[in-house]
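Just so you know, all these numbers are worked out from the coordinates, no wet-lab data involved. Not measured: the values here are computed from a predicted model. For neighbour counting, all protein chains shown are included, and Cβ atoms are generated from backbone atoms with ideal geometry for every residue, glycine included.
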Amino acid sequence: MTTTAQTLPPPRTEVGLLGWLRQNLFSTWYNALLTVLAAWLIYSILPPVLTWVFTQAEWQVIVTNFRLFMRGQYPDEAVWRLWVGIYFLALVMGMSWGVWGQAARTFAALFGAAALLFALLPFSLNARLNWVGVLITLVAAMLLARNRAALKPWVILGWVILLPLSIVLTAGAAWLPFLSPVAPRLWGGLLLTLMLTIIGNTLALPLGILLALGRRSSLPAIKSFCIGYIELWRGVPLVTVLFMAQIMLPLFLPSEIRVDPVVRVIIGLTLFEAAYQAENVRGGLQAMPRGQFEAAYALGLNGVLTMLFIILPQAIRLVIPALLNSFISLFKDTTLVAIVGLFDLLLIGKTTLAQPDFLGKYREVYAFLFVVYWVFSMMFSYASQRLEKTLGVGTR
Amino acid sequence: MSAPASDIIIECRDVHKWFGHFHALKGINLTVKRGEVVVIFGPSGSGKSTFIRALNRLEEHQRGQIVVDGIELSNDVRHIEAVRSEIGIVFQQFNLFPHLTVMQNITLAPIWVRRWPKSKAEATAMELLERMGIPEQAHKFPGQLSGGQQQRVAIARALAMQPKIMLFDEPTSALDPEMIKEVLDAMKALARSGMTMLVVSHEMGFAREVADRMIFFDVGVIVEEGSPEQIFSAPQQERTKLFLSQILSPRRMN
């Protein structure tokens, strides 16, 4: 004997807005308490801050010095090269979106949204038109590459050459026709901060992987060297590394070779960051079950092939949270280069405060810097979360 | 009973192995002929897994000689890699590569070790998957497969290298009863096709059906060996009789 139960709609407090409120904000007594506390905090902080931002703050300091904040003393006549770099990024990102979809789409959409936002903000007309151009390039590239799997190798090639191309465009070289040299000394502001972060991290990760593998090696010479390197570079503060790079490096090189201060700093940052990334990767390697190594060896794969195809892909996927943590950490550590005289974003901020017109505009400048650093850190964090989700970290 | 020398594919003479102070293998002497199916059984800790893992150098023996297909296993790396290409092993925990599809798992070694072109490797892989009964799983990831399917993929992966010998280290011990049958069927078919197999297993029904020889291991020595009929109907040693009585209770007969 079966009885069919009547299918009823759920009670009103379970679904919709009330349901969401109940589940997320008021589910238990302490949650409810925290909700009330948070609401009070928001109420007491946000209106005064917003009032200040929109009525009392004098943003002229930012507006006048915007060029400095963005690119330091980078010469005006060479700015078109920076735009070429941004256009190329839009091209590769758009094509990635077209060919792969999914994760590439999120990044591309964010980039497009940023471009749109910048096009609407009150910058110079030239800049705004360029941002519109960037947005158009992004969408056009996506449409061009959509569903054309044959373009995949080209898109990958595009990503690989993006960084070297950006460096060549930004720095120029004496022997290139349109790209007159712009010494890295002149790079400043956000341009310098981003260059230091991206170049430092891109170079540090492969070096870190090699160090991690070397540390696990059975050859005593390699193992001792790697352990020594890692412990040395992890044991000193970044500031001393930067000082050493600026002062000591020229002593080791023959006097004819003059290394740009920015290059010296990049070397210091890379060597420093590599030690941390090495330990991150080593954590991932240690987490690999022995069975994976055994299965690979049993199939006849040698050490190199095993690492390349079996172990490293899995190990690195495991430690992506840690790797991106170090990435974001380095981004903020770039503020230390101010101590060795490089005009990164933070130092530019401090120098604008020294201008006679804008003495005392601390709040405006630091609020602006706060927002810029925060936005970029959020972007890197979000990118890392999307990357993890795409690669199935923690689920497969 | 002597056999022509070329017929013997594995020869072990007085093999000893220690793990630190623990004496795991105490003088193993064994010969295996081409095409023979040998089932090794015994209580846990008896050294059976250690022994078959020593055959493809996943464990190193400290004394004695192991000669596989004419190559003596030593610390010479070239010999080790040559031997490993000729021996396939199937593990209790499957040990599939979770970040690669089934097809990629199977074709990785043939492409990179045997240097086959991709088309040949993929054709071989599909053929093996069909033999194992799971051709439709080719583009899935191991995590999406059941245990029995994963183990059959592991068998296909080992067979893709066209080994002369297949080792099985308790292949069904981690599986549910329903899945044990599908894996054992695949192994029986493999045995009937003439592959030389050494199987560490407690599946007595499998042994009875396809084994040419059964070997009882206990505390690091071979206690008894013989054909399945001999072992099941007339075990000579007391320890063998005791173990068989425990393992062949009416519930476990299959």
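So the values come out like this:
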{"item": "In degrees, nearest ten, helix B:238-247 long axis to first principal axis of chain B (Cα)", "result": "40 degrees"}
{"item": "Likely footprinting exposure, A:Thr270, A:Thr55, B:Thr124, A:Thr193, fewest C-beta neighbours within 10 Å first", "result": "A:Thr55, B:Thr124, A:Thr270, A:Thr193"}
{"item": "DSSP-defined antiparallel bridges as percent of all bridges, the protein assembly as shown, nearest 5", "result": "55 percent"}
{"item": "Charged-residue dipole, Cβ positions (Lys, Arg, Asp, Glu), the protein assembly as shown about Cα centre, Debye nearest 20", "result": "840 debye"}
{"item": "Region A:158-225 versus region A:331-368: alpha-carbon centroid distance in Å", "result": "25 Å"}
{"item": "Residues of type lysines that B:Lys48 reaches as a straight line, Cα spacing below 27 Å, ignoring anything fewer than 8 places off in the same chain", "result": "B:Lys17, B:Lys26, B:Lys33, B:Lys164, B:Lys181, B:Lys188, B:Lys241"}
{"item": "Relative contact order (%) - chain B, alpha-carbon pairs under 8 angstrom, separation at least six", "result": "25 percent"}
{"item": "Cα gyration tensor category, rounded, prolate or oblate, for region B:1-102 with a/c compared to 1.5", "result": "rounded"}
{"item": "Exposure proxy ranking, count of Cβ atoms within 10 Å, fewest first, for B:Met161, A:Met379, A:Met248, B:Met197", "result": "A:Met248, A:Met379, B:Met161, B:Met197"}
{"item": "Rounded, prolate or oblate (a/c below 1.5 giving rounded, otherwise prolate when a/b exceeds b/c) for region B:103-172 by Cα gyration tensor", "result": "oblate"}
{"item": "Efficiency of FRET between A:Leu18 and A:Gln56 - r from beta-carbon atoms, R0 41 angstrom, step 0.05", "result": "0.60"}
{"item": "For region B:81-88, Karplus couplings with θ = phi - 60° (6.51, -1.76, 1.60), whole Hz, Gly/Pro x", "result": "5, 5, 5, 5, 5, 8, 10, x"}
{"item": "Computed over chain B, Kirkwood Rh from alpha-carbon pairs, angstrom", "result": "18.9 Å"}
{"item": "Paramagnetic reach from B:Thr101 in region B:135-175 [backbone N under 12 Å; point 7 Å along Cα→Cβ]", "result": "B:136-142"}
{"item": "10 Å Cβ neighbours from other chains, averaged over peptide B:137-144", "result": "1"}
{"item": "Using θ = phi - 60° and Karplus 6.51 cos²θ - 1.76 cosθ + 1.60, couplings along region B:214-225 (whole Hz; Gly, Pro as x)", "result": "10, 10, 9, 9, 8, 6, x, 10, 7, 7, 7, 9"}
{"item": "Between region B:68-118 and region A:64-139, the alpha-carbon center distance in angstrom", "result": "49 Å"}
{"item": "Among B:Lys17, B:Lys181, B:Lys120: highest mean-square fluctuation, GNM of chain B, C-alpha pairs under 10 Å", "result": "B:Lys120"}
{"item": "Virtual spin-label span in nm between A:Trp40 and B:Glu238, 7 Å along Cα→Cβ", "result": "8.1 nm"}
{"item": "Inter-chain Cβ neighbour average for residues B:89-100, partner chain, 10 Å", "result": "5"}
{"item": "Kirkwood Rh, Cα atoms: Rg over Rh of chain A", "result": "1.03"}
{"item": "Choice from A:Leu143, A:Leu18, A:Leu176 showing the highest fluctuation, given a GNM over chain A with Cα pairs closer than 10 Å", "result": "A:Leu18"}
{"item": "Among A:Tyr43, A:Tyr382, A:Tyr276: highest mean-square fluctuation, GNM of chain A, C-alpha pairs under 10 Å", "result": "A:Tyr43"}
{"item": "Shielding by partners, peptide B:107-115 (average Cβ within 10 angstrom, other chains)", "result": "3"}
{"item": "Mean Kyte hydropathy of -0.5 or more with a Cα span along the axis of at least 20 Å, helices from DSSP in chain A", "result": "A:29-51, A:79-100, A:103-120, A:125-145, A:152-171, A:189-215, A:220-235, A:261-286, A:362-391"}
{"item": "Length-normalised contact order of chain A in % [C-alpha pairs under 8 Å, at least 6 apart]", "result": "18 percent"}
{"item": "Sparsely packed trypsin sites (Lys or Arg not before Pro) within region A:124-181, loop by DSSP, other Cβ within 10 Å at most 13", "result": "A:Arg148"}
{"item": "Cα gyration tensor, region A:1-148 - rounded (a/c under 1.5), prolate or oblate", "result": "oblate"}
